[in-house]
Structure formats: structure tokens, C-alpha cells
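A short write-up of the structure that comes next.
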Amino acid sequence: MKARSLLRYVIATLLVLVVISVFHRKPSVSGTPFTGSHVRVLICSGKDFPRLSCGYVYDLIRRFSAEARFSADIAFVRDSSWVDSLRAGTADLFAIDGSRLPDDSLQLAVSVPLPGHYVLAVPASDIARMQEINRYLHREQTAKGYQARIQRYLRPYSPSRPDQGTYLGPYDEIFKQEAQKIGWDWRLLASVAYKESRFHIEGQSRKGAVGLMQLLPGTAARFGAADPIDPQQSVAAAATYLSYIEKLLVRRHEDLRLEHALVLASYNAGEGQILRCLQTLDSLHVSTSVWENVIQTIPSVEGFKGKETVAYVKEVLDLYEDVKRFLPSLQDRPGQ
């Protein structure tokens, strides 16, 4: 009897100990030194960085943040202005020129080299983060398809290059995806982007237009781009805007080149200006189905010189024809 009572006591004690161990067990450690954090990132850009390497670094950081599960607030800076942010502690991660590192007093931990003179850097106190960055970069640089990926940034599209190959630049898939949504040839959408930014996502115009498609902040927000620097958001917002213009202005025309010209002119000058041109033509009983008529009307529209817009339309359409020669599709072939 005593043995049975002792056994029940022992079992009860073991159960209590198991319950206590469960509730006091330390949670398993997972993730990285970045996981769950908000990281302020500065990418140094400028003429010293070759080709589209700035865009590659942006893409790299976006993919790294997704894998390491942290949010990245990315901004572009020029020259040495990032140094002030480092000293002030207002940024956490820097993409800088590895060939011109500052003196040791700034205390940086620096990554292995990246394409286009870049290295990633963090304050020296964040050595655990730098170790995680280098682990990711090792996987990146030894992964299958790495060389093909960076070639799209280091050898971008040029209409004068005879050995163009099978791609325009690093953002072809985005152009294809967004052009399909609005029923456009992706090569025309890519031509708009090339004219606007030469595929440089860090570019900013004197008027404040930014990103791959050079959208003004108000236009970007109006058509769904919370971050117009992000290539996907920039192209998506631009495509939505182009589709809006097309529905507003040109569905009455059967001439596809005319439709393109009117939409492109509106993208450059604003749809209000081109609407006024068309209204002026209507009032003069002149056909709006001929682009040359629109061009001739522009000088009579008060406050709209239009020379830049006419040149813009011609250049984009010429680029489009160049691209079609480099990358022909079935629709371009006779009889198709």
C-alpha cells in the first residue's frame, strides 16, 4: 500500500516537474541579427558607379531583407553625404564605393566586394549583422544564374549595340508583366522607361520625378506607387497611368501608332494639354486621326510650346522600332 502511494507521489512529482520545465523553457532562437527590425539603408549613387550597378544593389538589398525578414527603408545619396548619416547614427546599412573607403576613425565593418565598386557596410559594433550579410553574399555569388543576373545590370540595353542578345535590361520581366495587364507590347513600355531613366532607378529630374518611369510623387501616389523608387511599383503605376490616358483620349482611333503618340505625348506633357489640342482640332473641324495635325495645332494652344513633347514622342517610337529589330516577336513577322 505504501509502495503504491509512493509510486503515485513520484508520478505526480514528475508531472509537476515536466509542466514546470515546459513553461520555463527558453524559446528557441531563430532568425538573424536583422530579423524583425527596421533598417535604414543608404545607397551611394553617382557617375563613378558603372552601368546599372546601383539598381543591382537595390535589388540585392530587397531580396536580402525578404530572406532575413526585416523591413528596409532605402534611400539614395550622392558622393560623401552618407558619412554624415553614419556619424549621426541616422542610417544602419550603407552601400558605398569600396575603392574609396573613409578613414578608420569612422569604424565600419565592410562586406566582400559587390559588382560595380560597391561594398555593404555597417557600424563596427554591428559585426554580427556584417557576418550575416557576408553569409548571404556568399550564397548569392555562388548560386546558379548569378553571372547572368549581374550581366543584365552591367550590360544594359543600348540601341547602338549590335550584340544586344535576348534581353533589354534587368527589368524585362516587370515590363512584360505590367504591359500584359494593359494590352501593350512590353517593348514599348520598356522604350518609355529607357527614354525616361535609361533604366536608372536612382535618377531624379529637376521637377522632382523619380524612379525607373520618372513619375512625379503625386502621379505615383495617384496610380498606386507608395514607393516610386521600387521598379515594380514604378512600372505598375506608370502602366496604370498609361492605360488611364489611353481610355481617356484615344479609343476612337484605329491607327495604333497614333494612339501610341497621343498617349506618349500625354505621359510627357500631361493629359490636360493633349486634350486641349484635340479640342482645338475639333473646333477647327480638323481630323484628330492624324498625328501631324496634332503637332501643327500645338503652337495655337496657349501656354503649351510642345517642342519637347513632339521630340519625346518621336524618340520613344524610334526606340520602340529599334527594340523590335533586336527582339522580334511573332506579331512582327509578315503574314502573322
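The values are calculated or read from the model by the stated rules, or taken from the named source; none is laboratory data. A quick note: this is a predicted structure, and the numbers were derived from the prediction, not measured. Cβ: placed from backbone, ideal geometry, glycine included. Neighbour counts: every protein chain shown.
Could you check how many residues of the stretch 199-218 are in contact (Cβ under 8 Å) with a residue 12 or more places away in the chain and on the phi > 0 side of the Ramachandran plot?
3
Do we find that Ser191 is of a type in the set (Gly, Ala, Ser) and modelled with pLDDT under 95 in this structure?
Answer is no for this residue.
So for the stretch 187-198 (the condition being part of a loop (DSSP other than H, G, I, E, B), of a type in the set (A, V, I, L, M) and over 15 Å from Asp59 (Cα atoms)), does at least one residue qualify?
Looking through the stretch 187-198, none of the residues is part of a loop (DSSP other than H, G, I, E, B), of a type in the set (A, V, I, L, M) and over 15 Å from Asp59 (Cα atoms).
Looking at (1) more than 26 Å from Phe76 (Cβ to Cβ); (2) in contact with a Gly (Cβ under 9 Å, 6 or more places away or on another chain); (3) modelled with pLDDT of 90 or more, which one does Leu317 not meet, given that it meets all the others?
The failed condition is (2).
Conditions: (1) in contact with a helix residue (DSSP H, G or I) (Cβ under 9 Å, 6 or more places away or on another chain); (2) of a type outside the set (A, V, I, L, M, F, W, C); (3) modelled with pLDDT of 90 or more. Pro159 meets all but one. Number of the miss?
Of everything listed in (1) in contact with a helix residue (DSSP H, G or I) (Cβ under 9 Å, 6 or more places away or on another chain); (2) of a type outside the set (A, V, I, L, M, F, W, C); (3) modelled with pLDDT of 90 or more, Pro159 misses just condition (3).
Name, by its number, the condition in (1) surrounded by fewer than 18 Cβ atoms within 10 Å (Cβ to Cβ); (2) more than 27 Å from Arg78 (Cα to Cα); (3) among the charged types (D, E, K, R) that does not hold for Asp227.
So the condition that Asp227 fails would be (2).
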